[in-house]
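Okay, handing you the structure first.
The values are calculated or read from the model by the stated rules, or taken from the named source; none is laboratory data. Nothing here was measured: the structure is a model prediction, and the numbers come from that model. Every residue, glycine as well, gets a Cβ built from its backbone with ideal geometry; the counts of neighbours run over all protein chains shown.
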Amino acid sequence: MASLQTTAVNDMQEALADVSESLERMMEQLLPQPEGVSSNIISLKDRNASAERSPVGGEAKVMEAMRYSTLGGGKRLRPFLVVNSACLFGVSREASLMTASAIEFIHTYSLIHDDLPAMDNDDLRRGKPSCHKAFGEAAAILAGDALQALAFQVLADPSVHPDAAVRCELVTAVAKAASCRGLVGGQMLDLEAENKELSVDEIIRLQRLKTGELFAISCEAGAILGKGAQPLRLALRRYANDMGLAFQITDDLLDAEGTREEAGKAVMKDSERGKATLVQALGIERAREQAQILARQAIRHLDVFDKKAGHLRTLAEYVVTRRS
């Protein structure tokens with residue numbers, strides 16, 4: 001793939017930083033606080049005027065674990081996809097950020113559980129100790145459970161969209177992406193695939209479920225909120241599927257070639273655990289080439305949006321050249 005234009009990359013990184021900062025503020029308000037005053041999630045539109053006192057007892061530990069794992073880190077690619085897809089349909093910034101926060105809560109819960117000894121057994125996440133290393137396994141499991149519950153509480157709030165039918169559709173779509181037919185199913189396939197030989201098609205299915213479904217709903221969420229036409233929603237889903245797989249291949253390349261400092265987590269874990277990846281199946285050079293092909297395909301799916309999808313196009317190129 002040709003080198004990215006510096007201006008396009010700088011513009012996208014500036015937009016990514018802007019979404020990350022706005023998302024951090026939104027999640028700070030949505031997450032329960034172990035001490036002092038927290039936002040009233042039941043009535044989010046009144047969160048600045050009406051607050052409730054947070055417990056400081058036993059449940060404070062789980063709240064601290066939720067905030068520790070969610071705030072102050074991460075690439076925030078899924079929220080970036082939500083916000084930029086929503087912009088294509090004129091969705092309000094607050095609605096897109098609330099939706100993005102909910103999806104990031106689900107993503108974070110999956111990372112907390114993924115790091116547990118019973119799963120991938122990773123001690124480092126986003127450059128700091130994993131949740132279970134910082135708070136213990138029980139608190140980590142409960143923090144993940146609570147983040148998933150909070151995600152759907154946010155999505156169901158009228159502040160996300162005044163039309164209850166739209167909120168129901170959004171809740172259903174996100175639930176499916178996170179279910180045994182999406183994220184959870186992909187994680188189970190990943191665990192069972194250790195030390196087994198999988199075909200390229202089987203690996204692609206695993207990664208589309210484990211990683212791709214959350215990317216896909218991140219793009220489609222904006223179209224759901226904006227009541228976009230089905231062909232436009234399909235174009236975004238196809239973009240996300242190809243971009244998400246390119247992202248996962250690059251992640252696997254970083255695991256094989258990168259450093260602990262670059263990745264912000266332990267590297268060489270896939271080969272040590274005998275995990276099936278496209279890098280393992282195709283070899284490093286062919287896998288890198290495949291990621292670039294997928295990025296180009298992803299970009300072509302955005303032709304229907306003309307120039308309005310500039311940041312999404314640049315992101316597809318960027319994910320296959322990143323070093324972290």
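Out of everything in segment 179-217 that is polar (S, T, N, Q) and outside any helix (DSSP H, G or I), what residue ends up being nearest to the chain's Cα centre (by Cα)?
That would be S179.
May I pose another question? Out of all the residues in segment 274-313, which are within 26 Å of E192 (Cα to Cα) and either touching a Pro at 6+ places or on another chain (Cβ under 8 Å) or not aliphatic (A, V, I, L, M) (or both)?
G274, K275, T277, Q280, G283, R286, R288, Q290
Would you pick out the residues in segment 66-115 that are buried (at least 24 other Cβ atoms within 10 Å of the Cβ) and among the small types (G, A, S)?
S69, S85, A86, S96, A100, S101, A102
Another question about this same structure. Here is a check on your reading of the model: is D123 of a type in the set (D, E, K, R) and under 28 Å from L236 (Cβ atoms)?
Spelling it out, it is not the case that D123 is of a type in the set (D, E, K, R) and under 28 Å from L236 (Cβ atoms).
Additional query: Being among the charged types (D, E, K, R), within 16 Å of the chain's Cα centre (by Cα) and either modelled with pLDDT under 95 or surrounded by fewer than 18 Cβ atoms within 10 Å (Cβ to Cβ) (or both): is that true of D270 here?
No.
Looking only at segment 218-237, how many residues end up being part of a loop (DSSP other than H, G, I, E, B) and among the aliphatic types (A, V, I, L, M)?
Qualifying residue count for the region: 1.
Could you tell me which of the residues L315, L232, L236, L245 is buried (at least 23 other Cβ atoms within 10 Å of the Cβ) and modelled with pLDDT of 95 or more?
Exactly one residue qualifies, and that residue is L236.
In segment 82-138, what residues are basic (K, R) and over 14 Å from the mean Cα position of the chain (by Cα)?
R93, R125, K128, K133
Let me ask something else. Under the condition of being surrounded by 20 or more Cβ atoms within 10 Å (Cβ to Cβ) and of a type outside the set (A, V, I, L, M), which residue from segment 291-312 is modelled with the highest pLDDT?
So, considering only residues that are surrounded by 20 or more Cβ atoms within 10 Å (Cβ to Cβ) and of a type outside the set (A, V, I, L, M), the one modelled with the highest pLDDT is H301.
Yes or no, residue by residue, for (1) in a helix (DSSP H, G or I); (2) modelled with pLDDT of 95 or more:
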site	(1), (2)
Y109	yes, yes
H113	yes, yes
D120	no, no
A146	yes, yes
V154	yes, yes
D157	no, yes
V160	no, yes
A177	yes, yes
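Next question, about the same structure. Looking only at segment 122-138, which residues are buried (at least 20 other Cβ atoms within 10 Å of the Cβ) and not in a loop (DSSP other than H, G, I, E, B)?
R125, C131, H132, F135
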